[in-house]
1. Sort through Gly119, Gly108 and tell me the only one that's in contact (Cβ under 8 Å) with a residue 24 or more places away in the chain and at positive phi.
2. Quick check on this structure: which one of Lys186, Lys208 is surrounded by 14 or more Cβ atoms within 10 Å (Cβ to Cβ), free of Cβ contacts under 8 Å to residues at least 60 places away in the same chain, charged (D, E, K, R) and out of contact with any Lys or Arg (no Cβ under 7 Å at 6 or more places or on another chain)?
3. Among the numbered criteria (1) touching a Cys at 6+ places or on another chain (Cβ under 8 Å); (2) outside any loop (DSSP other than H, G, I, E, B); (3) surrounded by fewer than 16 Cβ atoms within 10 Å (Cβ to Cβ), which one does Pro139 miss?
4. Pick from region 145-180 the residues that are in contact (Cβ under 8 Å) with a residue 40 or more places away in the chain and not in a helix (DSSP H, G or I): which of them is nearest to the chain's Cα centre (by Cα)?
5. Of the residues in region 218-233, how many are out of contact with any strand residue (DSSP E or B) (no Cβ under 9 Å at 6 or more places or on another chain), of a type outside the set (A, V, I, L, M) and surrounded by 16 or more Cβ atoms within 10 Å (Cβ to Cβ)?
6. From the residues in region 60-81 that are closer than 22 Å to Arg163 by Cα and touching a Phe, Trp or Tyr at 6+ places or on another chain (Cβ under 7 Å), which one is surrounded by the fewest Cβ atoms within 10 Å (Cβ to Cβ)?
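Here, each number is a calculation from the coordinates, and none is a lab measurement. Predicted, not measured: the structure shown is a model, and the values here were computed from it. Quick reminder, even Gly has a Cβ in these numbers, built from the backbone with ideal geometry, and neighbours come from all protein chains shown.
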Amino acid sequence: RLSLREGDRSLVPIIIRGSMAMRRNALMGMAALGGAGSVIAARHLYRWYSRAGRKLTLHLYDHCPFCVRVELVLGRFGIPFERVVYGYGDMKGPVVLTGKKVLPVLEGPGVPAPDGMKGLPESLDIIAWVTSAYGLTLPCDNGRADVLAWKKKYDEVRRPLQRPRLIQMPVKDWASEEDIKYVKAKHTKNNPNFYEEAEKNTDELVEKANALLVEFETLLEGDDALCSWGFGMLDVKILPDLRNMTCVKGIKWPPKVLDYVKNNCEKGKVSLYEGI
């Protein structure tokens, strides 16, 4: 934690808005006046604000769980970024970034981009870079077997519930008929009747989802976190698929699970959907 004395706070506007030289001088002044504690604070703040001056751009789909992972981390730690959303059927925009139709992609000064790419792809690689570059603390996924077993059952239920409804959400992912046509073709490749069967089985699927959410409540060991030590990568991986379930009407959210989803999405500045 950073501990700033009352006199140090007058220098914060200079650190935030001043030139690089002004920021450095202000921070070093804090260090000189405040002893060892302020030396540490100054170093951390200088590192933070030198990074904060960068303009990051996150290229994403609103519904994409992997994209939401990155949003949750950037939003939670207050790292400013521009949000660029693409239509799911857009075959040009994302390809320009990496040569493939793959999102998320993080772009900006200092962001490592593999050869031939304009930004860094892959959610876990992006999060690893962000946590290192900004000196963030985000506990690793501890590989809990009970959570993995629950997720396997949840995936079988969430896909037929969410997919027919996500395409009805008022987000840019589905702004054109081409976007919807593309995603439907993708999801019916192995089962041409996927959407019809999903709609037909809605009541049964909702019942199963409700039971799984009750089960999930028992997995929450921490305060708005799966692990007792608090929010970490395991939550980052699980939350996006729970967030997407808010597009389904009739879901009965256990209070603790609803708080878990709402509070963490609010901290991560990720919006929820309205169930239909």
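1. Gly108
2. Going through Lys186, Lys208 in turn, just one is surrounded by 14 or more Cβ atoms within 10 Å (Cβ to Cβ), free of Cβ contacts under 8 Å to residues at least 60 places away in the same chain, charged (D, E, K, R) and out of contact with any Lys or Arg (no Cβ under 7 Å at 6 or more places or on another chain): Lys208.
3. (2)
4. Val171
5. Of region 218-233, the ones out of contact with any strand residue (DSSP E or B) (no Cβ under 9 Å at 6 or more places or on another chain) are 218-227, 233.
Remaining after also requiring of a type outside the set (A, V, I, L, M): 218, 221-224, 227.
Subsequent filtering for residues that are surrounded by 16 or more Cβ atoms within 10 Å (Cβ to Cβ) retains 224, 227.
The qualifying residues number 2.
6. Tyr61
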